[in-house]
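The values are calculated or read from the model by the stated rules, or taken from the named source; none is laboratory data. Everything numeric here is computed off the predicted structure, so don't read it as measured data. Glycine gets a Cβ as well: all are built from the backbone with ideal geometry, and neighbour counts include every protein chain shown.
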Amino acid sequence: MVTQFSRRAILAHIGAAGVSAALPVRAIAQNAYAELEGRPWFFLTDDEARYLAAVTDIFIPEDEFPSASQAGVVDFIDLQLAGPYGRGAGLYMEGPFREGEPTQGYQAEHVPAALIRRGIAETDQADGGLKLVDRDAEGRRAFVGSLSQSEDVFQSAFYEELLKLANWGYFADPIYGGNKDYAGWEMVGFPGAHAYYTSFVDDHNRPFDMPPKGIAHVPGQGPAQFLRTNGREG
């Protein structure tokens, strides 16, 4: 059994959303706005952001490392959906649409931005009960667990997209808006994008104790600044 990884590392790897702990309700709205302060949402509405914070904090709850929303995963998702990825750039989106194999990649008939927006609208209060962010921890776990086991084709695609984006946001380079303070990389011991390792080439069987480093994460660079300068993608 692997013991050097935290509970979150294992959950993030296997996607075991239904068994993880959730943050208190009061934390959701606070953390939904994540950690890129002083900017508006580029794609999400406030309610959509709160929904995503609630779901992603079940995927990746707070333990010795920050939760998904605390690490900026909602910001990451917002930027992805507002940009080329969200509008399906590079995807063939004409019919016919047929059930594909897992090895064939994205098969949904909606571009990712439309898939997430419609999925949130259709699943929140779908059972006629409380909105997701108004449910207690057990209620939110039950909601995500049910969504993960849904046999509905659209809901299944929606869940898989949410899980994928949450993992991307937690472990991607911080220049894309998530992985604040290298939380994901610190968790798994990934050193990041250090440019030179020549001084360490001969250091065998010794720990590499330099802190993680991202891709030139300089204020004013990255997707957020691009969108401010060029406008939102449709």
Closer than 17 Å to Asp57 by Cα, basic (Lys, Arg) and touching a residue at least 60 places away in the same chain (Cβ under 8 Å) - does that describe any residue in the stretch 162-180?
yes
Identify the single condition in (1) of a type outside the set (A, V, I, L, M, F, W, C); (2) at negative phi; (3) outside any helix (DSSP H, G or I) that Gly88 does not satisfy, given that it satisfies every other one.
(2)
Which listed residue, of Glu160, Glu138, Glu109, Glu186, is of a type in the set (Asp, Glu) and assigned to a loop (DSSP other than H, G, I, E, B):
Glu109
Out of Ala82, Ala89, sole residue that is among the aliphatic types (A, V, I, L, M), more than 16 Å from Ala54 (Cβ to Cβ) and surrounded by 15 or more Cβ atoms within 10 Å (Cβ to Cβ):
Ala82
Out of all the residues in the stretch 181-216, which are of a type in the set (Ser, Thr, Tyr) and within 20 Å of Ser69 (Cβ to Cβ)?
Tyr182
For the stretch 141-157, the count of residues that are surrounded by fewer than 17 Cβ atoms within 10 Å (Cβ to Cβ) and not in a loop (DSSP other than H, G, I, E, B) equals 6
Being at pLDDT 85 or above, farther than 30 Å from Glu99 by Cβ and either touching a Pro at 6+ places or on another chain (Cβ under 6 Å) or surrounded by 16 or more Cβ atoms within 10 Å (Cβ to Cβ) (or both) is true for just one of Lys131, Lys180. Which residue is that?
Lys180
Does the stretch 48-60 contain any residue that is within 17 Å of Tyr159 (Cα to Cα), in contact with a Gly (Cβ under 6 Å, 6 or more places away or on another chain) and touching a residue at least 60 places away in the same chain (Cβ under 8 Å)?
no
In the stretch 128-184, residues that are of a type in the set (S, T, N, Q) and within 13 Å of Phe76 (Cα to Cα) total 2
Counted residues, the stretch 130-161 - those being in contact (Cβ under 8 Å) with a residue 24 or more places away in the chain, closer than 27 Å to Glu186 by Cα and acidic (Asp, Glu)
1
